Structure formats: structure tokens, C-alpha cells
Amino acid sequence: MSLAVIVLTFNEERHIARALRSVAPIASEIFVVDSYSTDRTAELAKSHGATVLEHEFINYAKQFQWALDNLPITASWIMRLDADEIIEPDLAVRIRSELPALPADVAGVTLKRKTMFLGKWVRHGGRYPMLLLRIWRRGQGRIESRWMDEHMVVWGGKTVVFDGGFADDNLNDLTFFIDKHNKYATREAIDIINQRRRFLPRDGDGAGSEKSSLQADFKRFVKEKIYNRTPYLISASGYFLYRVVFRFGFLDGKRGLLYHALQGLWYRLLVGAKVDELETALAGLDDPAAIRAEIRRRTGFRLDL
């Protein structure tokens, strides 16, 4: 195997050992880029064989691209893994046996991620499988420059899909989930306003020869061309009903329905409300520098870097 795994962290002592153990059978190199954690994240990562570097965090895309540009990677393939994700044994076996044998015209591998919420697998509501391009040949992949929903893209070849267990399983509580999605909502609001006003460089519009997951590209097209142009009280409510009724989210039981209500309704309403709030604050501003300054003043995000 010749596979480098990159994990970005900040205060992930609850998850990092589990994540690194899950990729130990397949990784020839493991790199953890830490954002100056105040817990035992770096210590635990080193004890599990990772090379740990520290770098100031601006947003996920900038941090991950910094890792691609600066880590001493020698492996032929690279994998992106979040600290709260797991590669399960069946997928590890497939990666180990099939990745080295892929033909030269394959540039990337898409994985099927499942979402765990409060210990339960959310199987319905369009949440499985989430097809994400997570493995690519070194030198043939990058991450999109976006503030939210940044995908990996590849060039110079086609992509294939590997079946097998790949889970997003965050062990933190509901308060953490709500706080995290509140921050996500601010980032997504910034990205939506940037789609309208173009005050920051932005890519990922599906043009050119770069490839990502077809599912991810389709969802983005629907979100940006239809959903984001519909009044959010209508679009959020309609999306929730679509997930719960037409995509059978009601079959996920009590915890699953709570997940759909929080992630598919509350979160979508929060994004829309934040977009409205920021647009009101930006009324009369046309200069990109002035827009960035006002958004930074209101959100604390450093948009000028």
C-alpha cells in the first residue's frame, strides 16, 4: 500500500485515536494538521503513529489545501478523513486489495458515507449513501476554495466507487451538534452571499475538466440554482417534508426524526435567516473590501486571508 491519510483536527481527543486506528491497516503515512488544540489531540495522534504539524485555521478548505501543498507526502495515493469519521474493516480490506491494482486512468475513488446520530445510523431521508470523493492520486487532486460544502476534485482520469463501511460518527452531545451547525450556518450564509455578490474568490461551479462526486455536483446544482433562489421559509419546509415523507425519513425512528428536524429543517431555516440578516447589514455596500470588512465585523471570520 502507498496511501497517505490527512486529518485536520482541533480538540478532537474524543475521536482521533479511533480514526487513526481505523486507517492503520491501509495507511503508509498518516498526517494530522492540528489547529493548536488545547486538549490531548496532538499527543494521541503522535502515539498512534501520525506526523503532527500545527497551522493556524482560517477555514477547512484553506487548511486542507495548505496540507496538500506543504506536507512531505511520498505516497502514490492520498485520503481525506475527518477526525470523527471511521473506515470500517470491510472497506479497509477493499482499499488494501483493490487500490494498488487500479488502472492508470483512474484518478480518484468515491466512498459511500453513512451518518450516525446519537449512536443511530440514519438510513433514510436521502442521507445514505453520501457519495464523497475521498481518495485520489497524488498530484491529481485539490480541494475547492469555498467557505462551505467544499469538495475534493480530481483531473487526469476517471473516478470509481468503492463499497464498504465508511461512517461519520461524532460522539459529542446535542449541544455540540447545535453549536457546530450554528457555525456551519454562518459559513454557508457567507457562501450564499458570495454566490450572489462575488466578493471572494470562489470555485466549484462544475466547469472545466475537474471531477468530483456526481451526486455532490447534482445536489450543489439543485441547491444553488433552485433552493437558494426560493424564499427560505418555503424551501426549508419543503426540503424537510421531502426528506421525511418522500425519502422515507419517518422510518428512521425517534432519533432519526430528531436528526432530520435539526439538520433538515432547523439548520436550513437558520441559514436562510442568517443570509437575510447579513444582506440587511450589507445594504448599500458594493465594494468587495467593504463587504468583507462588514461580514468579518459581524461574524468574526477572517475573509481577507
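Report, for the chain, the % of DSSP beta bridges that are antiparallel, rounded to 5.
Roughly 45 percent of the beta bridges in the chain run antiparallel, per DSSP.
Dipole of the range 174-299 (Lys/Arg Cβ +1, Asp/Glu Cβ -1, origin at the Cα centre): which of 288, 195, 230 lies farthest to the positive side?
230
How much accessible area per residue does the chain have, counting only protein heavy atoms and a probe of 1.4 Å, in square angstrom?
47
From the convex hull of the Cα coordinates of the range 3-168, what is the mean projected area in square nanometres? Before the final figure, lay out the partial values.
On the way: hull surface 37.8 nm².
Mean orientational projected area (the range 3-168, Cα hull): 9.5 nm².
Mind checking the range 223-305 for GluC sites (Glu not before Pro) that DSSP puts in a loop (not H, G, I, E or B) and that have at most 16 other Cβ atoms within 10 Å?
Taking the range 223-305 and a limit of 16 other Cβ atoms within 10 Å, no loop GluC sites (Glu not before Pro) are found.
I'm checking a number: the convex hull volume of the Cα atoms of the range 174-299, normalised per residue, in Å³. What is it?
Convex hull volume per residue, Cα atoms: 125 Å³.
Give the range of the longest stretch in the chain that excludes all chymotrypsin sites (Phe, Trp or Tyr not before Pro) found in loop regions by DSSP and having at most 13 other beta-carbon atoms within 10 Å.
37-247
Among 46/112; 62/274; 46/223; 62/219; 62/254; 112/180, which pairs are too far apart, with a Cα-Cα distance over 31 Å?
46/223; 62/254
Simple spin-label model, 7 Å along Cα-to-Cβ: residue 255 to residue 10 in nm?
The two pseudo-label positions are separated by 2.7 nm.
To the nearest 10 square angstrom, how much accessible area does residue 30 have with a 1.4 angstrom probe?
20
Could you give me D for the chain, from Stokes-Einstein at 20 °C and 1.002 mPa s, where the hydrodynamic radius is the Kirkwood radius over C-alpha pairs? Units µm² s⁻¹, please.
105
About the Cα centre of the chain, what is the dipole size in debye to 20, counting +1 per Lys and Arg Cβ and -1 per Asp and Glu Cβ, all else neutral?
780
The values are calculated or read from the model by the stated rules, or taken from the named source; none is laboratory data. Remember, predicted model here, so these are calculated numbers, not experimental data. Using ideal geometry, Cβ is built from the backbone for each residue, glycine included, and neighbour counts are taken over all protein chains shown. For the accessible areas, the whole protein counts, side chains as well, though only heavy atoms, and no ligand, DNA or RNA atoms are used. Shrake-Rupley method; radii C 1.70, N 1.55, O 1.52, S 1.80 Å.
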